[in-house]
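Written out below as structure tokens is the structure these notes cover.
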């Protein structure tokens, strides 16, 4: 979680600065979470997105 919040501040600061309402901030947080878990590659898990890593691990354990 700490890594996520660090990346959120580093990579999304400009985007959040443009948000003008609470609902816009909530929408941006949801987009950031989706990006972080579904698309962004993480070096600690073999340069896979977390969702892809979980799918791979589940496939290996059920095979």
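For this structure, a couple of remarks:
- Inter-probe distance in nm under a simple model that places probes 7 Å from Cα toward Cβ, at residue 37 and residue 51: 0.9
- Here is how the number arises for the chain: DSSP H runs of 4 or more residues each give -39500 (n - 2.57), the sum is divided by the residue count, and the result at 222 nm is -22000 deg cm²/dmol.
Taken together, the values in this text are just the output of simple stated rules run on the coordinates, not laboratory data. These figures come from a predicted structure and were not determined experimentally. Don't worry about glycine lacking a Cβ; one is built from the backbone with ideal geometry, like all the others, and counts go over all protein chains shown.
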